[in-house]
Amino acid sequence: MNLPLCSTTLLTLALVVMVVVVVEGILRPGSALYQCRDPLQRMEIQEEDSPMDPLTFMDWPLKDGSWYHNKWNDHETRLSASNTSPETPSSVWANRHPEPLPHITHTATRVRMHFLAYETGLQNYQKQVELEAVLKEKNILLPVRSPAYTHHGRFRGTTATTNSLTRTKLGYIQDYTTRALVNRLGLESAATKSDLQFVDMADPRCVQKTTNLTCNPNAPFRTADGTCNNIDNPTWGASFTPFRRVAPHNYADGVSEMSVAQDGTALPGPRFISTSVNVGDENDIAPRHCLNILHMTFGQFVDHDITLAVPTTMIANDGSRVPIECCSAEVLSDPSMKHPACAPIAIPEDDHLYSSSNQTCLEFVRSAPADTDTHGPREQMNEVTHYLDVSQVYGSDTEATNLLRTGFGGLLLVTHHHHLSYPHHLPSPQHPHLTLITPSIPLLPSPGDERVNEQILLTLVHTTWLREHNRIARTLMELNPSWNDERLFQEARRIVVAETQHIAYNEFLPNVIGTPIMRDLELLPRLHGLQSTDYDPSLSPSISNEFATAAYRFGHSQIPDSINEGSSKIVSRSRELNSVLFNPFLLYEDGFEKGLLQGVTTQRPMRVDIGFTNQITGTLFRGETPFGLDLVAINLQRGRDHGLGTYMTVREACGLPRVTSYTDLAPFMYAYELRRLREVYSRVEDIELFVGGLSERPVIGGQVGPTFACILSDQFLRLKRGDRFWYEYRDSPNPFTRDQLRAIHRASMARVLCDNHPCIDSTQRWPLNIPSSFNPIISCNATDEFPKLDLSFWKE
């Protein structure tokens, strides 16, 4: 059934664009007609030729690296498979057979070989530590006010936890040991190096297992660090544990060196790719959907709940993190001063932005290797919990959580600004672990995630959920005056987590991957208090590297040039994006919060494609310098750092049609994007996952193409079915009653905004979408439209 378009103006514009592209002979991205449906149908974008069909025949969840390890962990099974394995190892886990591994039968020889490899690994790590001491002594450090320092210093926080230090040290020793083993065993095949995970040569000195955790299966609340969610595998989904792999590793040496082209030559430079594929023209990236930048920001809020790769940094005597410098004159002129984690991004001599400032490279430091308790290719680890547990508000370990609590009434700390009509804001730092402070820079608000101040919209959303927790805790205290601080805090936290999970799957995710996929995977909430029984203890919820490093970064393409204050009809002010980065103090200005809320719910983000605003491709975190960072180049380099599989490999892992030429991609990409990729990558098999995924036409009802939709769908399926404390799960240790769950099923982003921002008296029914005739502005007093969360069902 055809429904009216958002506006006659948009229809006219779309028709004009179609005429123009026919004349030019190139189908530009987004020229297909679209329509905004009724919000109850989740405001889908309908494109009749969207390439969604292949995903409907998928077997979910994907057969990933964890599946491969479990299947072939038995030596006899591997040996049998190796005798019949294909000559060319498959590029996906599902069809891959282990290759023959060196079988050292003599125990003493095996122990001796591992001992020597470990000693080599330990020596190499010690050399790294000694170099770091020299760099600090010579003050070869990032300038405090440089864009790179802002990104690596303030963005990453300043203090490393004991757990972070321990895990990073063990990860590096393990990485160096694996390289030594590869050399001693004379391994050449990348697949064989990957299968080192099956060789039992573990030395207890370099392995500190945490699987001896004692878990109470009847504990009513989830832990802060994510441990003991899965009773059989208590570290699954916990903070400081490795990412999963959708596709096999793609390191140049099969172990840890950054990715290269499939024929062994160097890939095009990340900065060159960034400037070459970027659409660049504002007219080419005009919005073509019904979402707003609150949807974009909520997506970032979710991202910070579940992903944060641990960075490699130096450590000062006081335990603070010291960012590593890679592009200084001292380092470039003396290779002995280059930290082994340095992987600077080369800048072309004719670069339109950086060449005028004689800038030859962009700072880039590799992520720290994970402590995996096995040998094999390098993995990276997640500093935060992998679960949707609102850790970005509460923290990812007990120590961080306790620092954020008042200690009475179950409340979280807030900063009071009494000159404001509603003074409760995020707390200033109360402890060195939460301090984000540099010379001449005031204290910044500090919730459970150190990235809160990255941009003002994110700070606003954090503030919203902080207030929601305290609002719920106060109500619970009135209903149950006998409950102590711990009970009030944990119950309020449990409700906030449930609300966030519900809104993420009911209002946010359908507009990303499309309602058809949501229905096919049974990801939509059950509603009306109906409980689920689909928890699967054999399913790892851990975040995949492809999700964290490429697919979920689709939001970077949505970032606009500026942030508006005021409604779509009356924009009172528009601020350049870089002026609201690390500037949360704007929220303390009277009237700003209201204007920002009006702007965030009415301003559209950019379309998801390979077009990016120059605010993130050269001036990011610029400050007072003439240039900043290039986030697109950083994303590409990060993918190589993490050894991500190529776009083609991941497509194959997702069961999508095999591609051998650019012609094969025509059904999945617009001609304009395809031409750009062809100009950069001479071979189709070298296309990298980040730009390849962004170049695809979106699936029906979604924002991303089939490859990213596959990665995202698999991950959000795991986050739901792999969480023993999922809010709808009937058999969790402390499930919500039917009445309580019915109340949570009525939760909405609209009600959360209305309840926690007295400066507004109305909002649209679906606040993650722009207002329209199908999504009207409604008074906050209309409780029939925005039902209040009925907490009376929690009264004991």
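Every number in this text was worked out from the coordinates using simple rules, so none of it is lab data. Treat the numbers as computed from the prediction; the structure is a model and nothing was measured. Positions of Cβ are backbone-derived with ideal geometry, glycine not excepted, and every protein chain shown enters the neighbour counts.
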(Q) Check which residues have an amide H placed less than 5 Å from SER532's amide H, if you skip close sequence neighbours. (A) TYR729, ARG730
(Q) Taking R0 as 35 Å, what FRET efficiency do you get between SER356 and SER661 from their Cβ-Cβ distance, rounded to the nearest 0.05? (A) 0.35
Q: With a point put 7 Å past each Cα toward its Cβ, work out how far GLU130 is from ASP334 in nm, to one decimal.
A: 1.6 nm
(Q) Using the Karplus curve 6.51 cos²θ - 1.76 cosθ + 1.60 with θ = phi - 60°, what ³J(HN,Hα) values do you get for each residue of the stretch 538-544, in whole Hz, with x for Gly and Pro? (A) 8, 9, 6, x, 4, 6, 7
**Q.** Difference of contour (0.36 nm per residue) and Cα-Cα distance, ASP232 to ARG675
**A.** 154.5 nm
Q. Based on the mean of other beta carbon atoms within 10 Å per residue, what is the order of 130-139, 665-674, most packed first?
A. 665-674, 130-139
**Q.** Stretchable slack from THR415 to GLN262, in nm (0.36 nm times residue separation minus alpha-carbon distance)
**A.** 49.8 nm
Q: Would you work out if the stretch 228-368 is rounded, prolate or oblate? Take a ≥ b ≥ c from the square roots of the eigenvalues of the alpha-carbon gyration tensor; rounded if a/c is under 1.5, else prolate when a/b is larger than b/c, oblate otherwise.
A: oblate
Q. Once phi is turned into ³J(HN,Hα) by the Karplus curve 6.51 cos²θ - 1.76 cosθ + 1.60 with θ = phi - 60°, what whole-Hz value does each residue of the stretch 299-314 show in order, with x for glycine and proline?
A. x, 5, 4, 5, 4, 6, 7, 10, 9, 6, 5, 5, x, 8, 9, 8
Q.
I need the calculated FRET efficiency for the pair SER482 and ARG519, taking r as the beta carbon distance and R₀ as 35 Å, to the nearest 0.05.
A. 0.20
Q.
Below 9 angstrom from the Cβ of ARG746, what's the summed charge of the other residues (Lys, Arg +1; Asp, Glu -1)?
A. +2
**Q.** Point-charge dipole on Cβ atoms (K/R +1, D/E -1) for the stretch 564-695, about Cα centre, debye to 20
**A.** 320 debye
Q: May I ask you to compute the full-extension gain from LEU530 to THR406, defined as 0.36 nm times their residue separation minus their alpha-carbon distance, rounded to one decimal in nm?
A: 41.1 nm
Q | Set LYS63/LYS169; LYS169/LYS193; LYS71/LYS169; LYS594/LYS788; LYS594/LYS795 screened for pairs whose C-alpha atoms are more than 28 Å apart | A | LYS63/LYS169; LYS71/LYS169; LYS594/LYS795
Q: List every residue whose amide H lies under 5 Å from the amide H of ILE778, counting only residues 5 or more places away in sequence or on a different chain, with H placed 1.01 Å from N in the peptide plane.
A: THR763, GLN764, ARG765
(Q) For VAL704, what residues show an amide H to amide H distance below 5 Å, using hydrogens built from the backbone and excluding near sequence neighbours? (A) VAL699
Q.
If I model a spin label at GLU624 and ASN781 as a point 7 Å from the Cα along the Cα→Cβ vector, what separation in nanometres do I get?
A. 5.1 nm
